[in-house]
1. Determine the distance separating the Cα centre of the range 164-242 from the Cα centre of the range 252-319; give it in Å without decimals.
2. Please report, as a whole percent, how much of the solvent-accessible surface of the range 168-270 comes from carbon and sulfur atoms (probe radius 1.4 Å).
3. Leaving out ligands and nucleic acids, note down the accessible area per residue over the chain with a 1.4 angstrom probe, in whole Å².
4. Which one of His216, His275, His170 has the biggest mean-square fluctuation once the chain is modelled by GNM with Cα springs under 10 Å?
5. I need the fraction of alpha carbon pairs in the range 168-270 separated by more than 22 Å, rounded to a whole percent.
6. So if I place +1 on the C-beta of Lys and Arg and -1 on the C-beta of Asp and Glu, and nothing else carries charge, what would the dipole magnitude of the range 168-270 be about its Cα centre? I want it in debye, nearest 20.
7. Out of Pro64, Pro161, Pro82, any idea which swings most in a Gaussian network model of the chain, alpha carbons joined below 10 Å?
8. Taking R0 as 35 Å, what FRET efficiency do you get between Val137 and Trp222 from their Cβ-Cβ distance, rounded to the nearest 0.05?
Amino acid sequence: MATQQIPDTLPRQQLESRSNIRTDVLVIGAGPTGLACAIEAQKAGFKVIAIDKGCVVNSIYNYPSNMTFFTTPELLEIGEIPFSSANQKPNRHEALEYYRKVAEHYKLDIRQYQWVKTVTGKDGDFHITASDQLGRVYDYQTRKLIVATGYYDLANELGVPGEDLPKVFHYYREPHPFFDTDVLVVGGKNSAAIAALDLWRHGARVTLAHRGPKMHSHVKYWILPDIENRIKNHEIAAHFNTAVVEIVADSVLLETPEGPRRIKNDFVFAMTGYHPDYDFLRSMGMELSPNQCRPICDPKTLECNVPGIYVAGVIVAGSRTNEIFIENGRFHGRQIADDLRAKLGGADK
Ligand SMILES: Cc1cc2nc3c(=O)[nH]c(=O)nc-3n(C[C@H](O)[C@H](O)[C@H](O)COP(=O)(O)OP(=O)(O)OC[C@H]3O[C@@H](n4cnc5c(N)ncnc54)[C@H](O)[C@@H]3O)c2cc1C
């Protein structure tokens, strides 16, 4: 067996021991907000490590392949790095390219493919363990911790029999594999509308089911008339005030206002939203508000009830995931860095 040539630039992780890796500030989550937090803390003179269980901006990487952002480029910018795009609204590929370049520009220390499992310790001396894809464990020690873990990893389940069948998806990527098949899209917001239209435009026979009386008011103004016209023209079948009761191999049972109805089905896209990992947040001592699971935190500094731990990005809004997105979450980094300076000192570079 040919021996593998050992490259002379081994990834940082392999060179360094996996235990007792020290830093001033550790950021869990290298999404747009986590990156913004790492940049601002680094600019404030602190040693910063960011950890992500997937790749850089892993959530955006897992968005629909041909997705176009709702937002114009300048509102997605972090670290004062201009986001130039030929399009009025950038697409997913451009955003991946942009956030990679920003991370490179600031030479951010990002540990990809490490899943943070535990956070223990106290202000000034937190201990974090993470495990990589091979199950190897890394121990970090940090003075301050920023949690920017997002919401896209945990889907809101339908909670019906058959939801675990391989034909059921909670994430939409692209339409090709569903050409000439019967697809049910569950949901009434942007992700459901975008998936239903894309699947229909690429030859799937699409049915949409939504528990609401019509498409949700949050559906973007340029998407709503499109989906409503497809429904009006019976190009996309739609059932409103309808719930999914059961999913089986070749059909789905719906509870419609006219009574139970079984429809022929090959695939189901349950586009019913996502939520932060509340158990993980609570596991580090974080208190969450009773109804909306918002971390209890100082709105100015974003420090949560555990001194030394800060929350950033969409998790700050708990279950109200449409309240904080890149446009506004990207400023959390500066708020936190201001407080880090006040508490730890640190020089503006
Ligand atoms: C289809 C779609 C379109 C959107 N369009 C727009 C738009 O046009 N404009 C806009 O402003 N917003 C948009 N959003 C919302 C926006 O993408 C999110 O609000 C934003 O990504 C939140 O950023 P974040 O950094 O808080 O979280 P995320 O981007 O979700 O990043 C969190 C990161 O934490 C990592 N992570 C989680 N748990 C752990 C752990 N235990 N250990 C290590 N790493 C962990 C994840 O892998 C992830 O990379 C859109 C969302 C979707 C789904």
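1. Measuring centre to centre over Cα atoms gives 22 Å.
2. Details: 2840 of 5190 Å².
Within the range 168-270, the accessible surface is 55 percent carbon and sulfur.
3. Details: 17200 Å² over 349 residues.
Accessible area per residue: 49 Å².
4. Of His216, His275, His170, the Gaussian network model singles out His216 as fluctuating most.
5. Values: 1100 of 5253 pairs.
So the pairs more than 22 Å apart make up 21 percent of the total in the range 168-270.
6. Values: 12 positive and 12 negative charges, 61 e Å.
Once rounded to the nearest 20, the dipole reads 300 debye.
7. Between Pro64, Pro161, Pro82, it is Pro161 that shows the largest mean-square fluctuation.
8. Values: r = 47 Å, r/R0 = 1.35.
Given R0 = 35 Å and the Cβ-Cβ separation, E is 0.15.
The values are calculated or read from the model by the stated rules, or taken from the named source; none is laboratory data. As the structure is a prediction and not an experimental result, all values here were calculated from the model. Neighbour counts are summed over all protein chains in view; Cβ atoms, including those assigned to glycine, are modelled from backbone coordinates with ideal geometry. Please note that ligands, DNA and RNA were not included when accessible areas were found on the heavy atoms of the full protein model with its side chains. Shrake-Rupley method; radii C 1.70, N 1.55, O 1.52, S 1.80 Å.
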